[in-house]
Ligand code: SF4
C-alpha cells in the first residue's frame, strides 16, 4: 500500500527544519514577497534561505515545494516570473501555482518540473482538474476545504491527478482565492498582495476592562479579562445579527481530520497537508509529529486504527480557539 504523503508548512528555516526532523515527507514555503498568499512581515524565505531549505530537506530525504499562489500585478509581474526561475534553479520538487500565466510560463520553460494547482485556484470538480492537467500538465491539485469525503472519492475516480487535502489547521471558510472580506477594511487583497488581516492593520486595544481586536479600524471581537483573544480575521469575527452578537460566519476553530483519517485515505488522497506557515516552529514540529504518528499507525494496522487521546490533546492545544472541527468532511452543507 502506498503511504499518503505528510506535507508540512514552513514560514522560516527553523520551522522547515522542525517539520523535516519530525517526519514530514515534504515541506512547502514561499519567498519573502507578494508572490505567495502568506505575505506577512517577518515570514517567508530570502533566496539564500530558500536554497538552504531545499538543500536541508533533500539531505534528510524530504521534498520541498515552493508556494507561488498569488496573481501577478498588471503593472509589474516580474517578481512572479523570477520566483518560478529561482525555484527551478534551486531544485524545488514542485511549484504550487494558481495563476494561468504562471502555469503556462512554468510548464513551457521547465517541462519536467511538477506543477501543483494551488487551493487558490478554487478547483473542486473533475472537469476543471482535468482541464488544468490537459493544458498545463499539473500532477496534483490541492482541494478547497468545501468538499465532503464522498466528493473527494468521486473526484479520485474521475481524474489521474493526485489529490492533496487539508488535514489540520486554520480554516478559510470562503471559496479560496475568491475572498475579498479583508480587502474591504484593509485595502490590500489576499489574492494579489498575499495578506488576509495584515499585521499593520491589526490593533489590540483595552477598553473598559475588555480587550478589543480591530482590523483596519473595524471592531472584530471583544474579550473579557483572561479570555484568549484570537487573531482578528473578518470571517471569524463577532458581529450583531438578529439582535445577537456571535460568530456569524465561523467559530475560531481548527480543522482536524484524525477522526476520519481511514475514510479520507480510502477516498484516494495522495497527500495530507498541514496548514500554518504563519505559525511557530514549535507548532510545526508538534503537529507534524502527531500527524506522522497517526499516519504510520494507520498503515501498520488499518483495521485496528484508533485516534489516541494524547494526539487530540496535543492538536487541540495547537488549534485556533483550542477546539477542532471536521469541517465539511462531515457536514452536509457546503
Ligand atoms: S477572511 Fe477568512 S475566509 Fe477570507 S481569506 Fe481571510 S481567513 Fe480566508
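Some values worked out for this structure:
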quantity: Residue in the range 108-121 that is touching a helix residue (DSSP H, G or I) at 6+ places or on another chain (Cβ under 9 Å) and at pLDDT below 95 present; calculated: yes
quantity: Scan of the range 210-230 for residues that are touching a residue at least 40 places away in the same chain (Cβ under 8 Å) and buried (at least 17 other Cβ atoms within 10 Å of the Cβ), ordered by number; calculated: 230
quantity: Residues being touching a strand residue (DSSP E or B) at 6+ places or on another chain (Cβ under 6 Å) and either part of a strand (DSSP E or B) or away from the ligand (no atom under 14 Å from the Cβ) (or both) - total across the range 256-283; calculated: 8
quantity: Counted residues, the range 160-195 - those being assigned to a loop (DSSP other than H, G, I, E, B), within 8 Å of the ligand (Cβ to nearest atom) and in contact (Cβ under 8 Å) with a residue 60 or more places away in the chain; calculated: 5
quantity: Condition met for residue 133 (in a helix (DSSP H, G or I), more than 24 Å from residue 295 (Cβ to Cβ), within 16 Å of the ligand (Cβ to nearest atom) and in contact with a strand residue (DSSP E or B) (Cβ under 9 Å, 6 or more places away or on another chain)); calculated: no
quantity: Single condition residue 328 does not satisfy, out of (1) over 27 Å from residue 205 (Cα atoms); (2) touching a helix residue (DSSP H, G or I) at 6+ places or on another chain (Cβ under 8 Å); calculated: (2)
quantity: Single residue of 36, 22 found to be closer than 19 Å to residue 113 by Cβ and in contact with a strand residue (DSSP E or B) (Cβ under 9 Å, 6 or more places away or on another chain); calculated: 36
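The values are calculated or read from the model by the stated rules, or taken from the named source; none is laboratory data. Note that the structure is predicted; figures quoted are calculated from it, not measured. Please note: Cβ atoms are built from the backbone with ideal geometry, for glycine as well, and neighbour counts cover all protein chains shown.
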